[in-house]
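Scroll down for the structure; my scribbles are underneath it.
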Amino acid sequence: MIAGGWMNDPNGFSVYGGKVHLFYQYYPYDTKWGPMHWGHQVTEDMVHWQECKAALAPDEEYDKEGCFSGSALETEEGHVLLYTGVTKDKKSGQERQNQCIAIGDGSEYKKTADCPVITGEMMPQGFSRVDFRDPKVWKEGDCYYLLAGNRDESGNGQVVLFSSMDLYNWRYEGVLAHNGGVIGSMWECPDFFALDGADVLICSPQDMKAQGYEFHNGNNAVYFLGSYDKEQKLFTKEKPVSLDYGLDFYAPQTTCLPDGRRILIAWMHSWDDSFIPKGQRWKGMMTLPRELSIVDGRLFQRPVRELERYWKNNVCYKKARIEGERQFEGVSGRTIDFTVKILSGSFREFVVDVAGSDEYFTRFTFQKEKGIMEVDRTYSGVTKDIVCIRRAKMDGSERVKLRFIMDKNSVELFVNDGEMVLSTVIYTPLKAQEIRFICDGSALVDIEKYEIE
Ligand code: FRU
């Protein structure tokens with residue numbers, strides 16, 4: 001099947017019938033956003049995916065403007081999808097976002113007669129009925145909970161909580177978290193789970209202003225660690241932290257595997273930055289699925305370990321010295337997993353150029369004294385006026401481990417075993433395969449590279 005159409009947020013990331021299912025915001029008829037469907041893919045190892053037929057189309061009165069983002073759950077009745085049905089209010093003609101339900105067997109999905117099961121009218125007066133979307137559902141004991149993005153009476157972002165015993169009859173519980181008028185505006189795509197002794201709220205705030213190197217302008221994806229009081233249904237949160245420091249990352253969603261791993265996947269593009277080369281018939285990518293853990297009060301993300309099953313043709317250099325510019329025999333390619341460990345050195349800047357040729361490169365610069373990691377895709381073949389540089393703050397130690405996972409059109413850099421990730425899309429012609437290391441002083445490194453097949 002030839003890939004085609006538009007894709008944005010991951011939806012319904014869940015385990016059903018022993019397989020991992022991923023749905024996504026999908027418009028099959030163009031490379032632009034249009035009335036949203038749910039595309040559907042299945043995998044057994046989170047690396048190889050199999051396309052299934054689209055699960056939802058905007059074909060009912062209550063979702064005729066689109067089947068927006070949502071989540072999924074395995075139940076005795078089947079595979080349950082909770083999504084936002086977008087429609088127009090008959091009287092006012094204004095847009096309305098309500099939460100709807102569909103059930104399937106892993107391949108066919110049917111909307112139920114009860115849709116919508118949650119309407120904006122169930123919330124206090126003043127809460128937006130227009131921005132009320134992206135339900136995340138989970139089960140605790142016998143009770144189901146659902147969190148959705150919303151705006152309060154002043155237009156500020158918040159996430160609202162509902163509960164139900166049967167997935168059809170829902171009760172409004174309250175506001176679980178609020179942006180305090182300062183963390184962006186609308187909070188899209190909430191997710192909420194317990195991990196390594198903490199409670200974690202993820203959301204994607206729109207319209208943020210840049211803050212230091214932590215947040216960039218526009219649509220960000222952030223997490224809050226905190227603690228959830230189940231009785232009071234209150235979440236006490238710490239400060240927001242960026243989930244990714246690259247150029248393309250938005251609307252992440254997680255699921256829990258039967259072996260207990262919490263896995264995150266995100267849309268590897270965003271609303272303002274998406275561009276594709278002329279003639280490309282598809283638009284939209286997902287990040288690699290990542291295993292989450294909390295280490296020293298920080299959320300770590302590591303590529304799923306299943307990727308290692310696809311490692312091939314290992315090339316390894318131990319204690320190699322880099323002074324000036326250097327390339328290594330066998331260290332090149334565009335579908336590869338390679339790690340550079342800086343063991344020691346005296347330098348100000350250590351650079352790794354990937355997807356390089358005479359004409360192209362995408363540059364990652366570790367500025368040791370400033371403690372900054374920078375990604376720069378200016379020379380990756382971009383022909384649009386989009387953001388190409390982003391910097392992230394890290395500590396100034398020279399012992400740094402950089403793991404780059406490159407797919408044909410993307411680079412995901414995992415710093416220090418997942419302490420920080422930078423995900424960036426590049427549409428560089430595939431013949432640009434070189435990897436160059438440049439050091440303005442001297443550095444001793446270990447390099448390990450695998451092709452991914
Ligand atoms: C996030 C988002 C969601 C919405 C969907 C529409 O990227 O704006 O809030 O449900 O995309 O496609």
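The values are calculated or read from the model by the stated rules, or taken from the named source; none is laboratory data. The shown structure was predicted, so the numbers you read here are calculated from the model rather than taken from an experiment. Cβ atoms come from the backbone with ideal geometry, glycine included; neighbour counts cover every protein chain shown.
Per-structure values
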read-out: Members of segment 195-248 found to be assigned to a loop (DSSP other than H, G, I, E, B) and at positive phi, listed by number; value: 196, 197, 207, 212, 233
read-out: Every residue from segment 1-12 that is more than 14 Å from the ligand (Cβ to nearest atom) and either part of a strand (DSSP E or B) or more than 22 Å from residue 452 (Cα to Cα) (or both); value: 4
read-out: Condition broken by residue 146, with the remaining ones in (1) away from the ligand (no atom under 12 Å from the Cβ); (2) in contact with a Cys (Cβ under 6 Å, 6 or more places away or on another chain); (3) in contact (Cβ under 8 Å) with a residue 60 or more places away in the chain satisfied; value: (2)
read-out: Sole exception among (1) free of Cβ contacts under 8 Å to residues at least 12 places away in the same chain; (2) in contact with a Lys or Arg (Cβ under 6 Å, 6 or more places away or on another chain) for residue 339, by number; value: (1)
read-out: Cross-chain or 6+ apart pairs with Cβ under 6 Å, segment 15-35 first and closer than 14 Å to residue 50 by Cβ, then surrounded by fewer than 21 Cβ atoms within 10 Å (Cβ to Cβ) and polar (S, T, N, Q); value: 20/43; 22/41
read-out: Pairs, first assigned to a strand (DSSP E or B) in segment 408-429, second modelled with pLDDT of 95 or more and among the acidic types (Asp, Glu), C-beta under 7 Å, six or more apart; value: 421/244; 421/412; 422/244; 423/244; 423/248; 423/412; 424/248; 425/248
read-out: Any hit, segment 150-165, residues being over 24 Å from residue 211 (Cα atoms), within 16 Å of the ligand (Cβ to nearest atom) and within 22 Å of the chain's Cα centre (by Cα); value: yes
read-out: Among (1) closer than 27 Å to residue 145 by Cα; (2) away from the ligand (no atom under 16 Å from the Cβ); (3) crowded, with 19+ Cβ neighbours inside 10 Å, the one test that residue 246 misses; value: (1)
read-out: Verdict on residue 126 being at pLDDT 95 or above and in contact with a His (Cβ under 9 Å, 6 or more places away or on another chain); value: no
read-out: One residue from 65, 74 being within 16 Å of the ligand (Cβ to nearest atom) and of a type in the set (Asp, Glu); value: 65
read-out: Pairs where the first residue, in segment 161-186, is farther than 20 Å from residue 221 by Cβ and the second is modelled with pLDDT under 95 and surrounded by fewer than 18 Cβ atoms within 10 Å (Cβ to Cβ), C-beta under 7 Å, 6+ apart; value: 161/233; 168/114; 173/233; 174/233
read-out: Residue satisfying condition, being among the β-branched types (Val, Ile, Thr), under 22 Å from residue 287 (Cα atoms) and assigned to a loop (DSSP other than H, G, I, E, B), within set 47, 20, 42; value: 47
read-out: Total residues in segment 169-192, condition more than 16 Å from the ligand (Cβ to nearest atom) and touching a Phe, Trp or Tyr at 6+ places or on another chain (Cβ under 7 Å); value: 6
read-out: In segment 131-143, residue farthest from the ligand (Cβ to nearest atom) [restricted to those that are more than 22 Å from the chain's Cα centre (by Cα) and in contact (Cβ under 8 Å) with a residue 24 or more places away in the chain]; value: 140
read-out: Every residue from segment 412-437 that is crowded, with 19+ Cβ neighbours inside 10 Å, more than 19 Å from the chain's Cα centre (by Cα) and not hydroxyl-bearing (Ser, Thr, Tyr); value: 432, 435, 437
read-out: Number of the condition not met by residue 54 [criteria: (1) in contact (Cβ under 8 Å) with a residue 40 or more places away in the chain; (2) within 16 Å of the ligand (Cβ to nearest atom); (3) touching a His at 6+ places or on another chain (Cβ under 7 Å)]; value: (1)
read-out: Residue 270 being farther than 29 Å from residue 5 by Cα and hydroxyl-bearing (Ser, Thr, Tyr); value: no
read-out: Any hit, segment 103-115, residues being surrounded by fewer than 22 Cβ atoms within 10 Å (Cβ to Cβ), of a type in the set (A, V, I, L, M) and either without any contact (Cβ under 8 Å) to a residue 24 or more places away in the chain or within 16 Å of the ligand (Cβ to nearest atom) (or both); value: yes
read-out: Wholly within segment 279-343, strands (runs of 3 or more DSSP E) carrying at least 1 residues that are among the hydroxyl-bearing types (Ser, Thr, Tyr); value: 290-295, 311-326
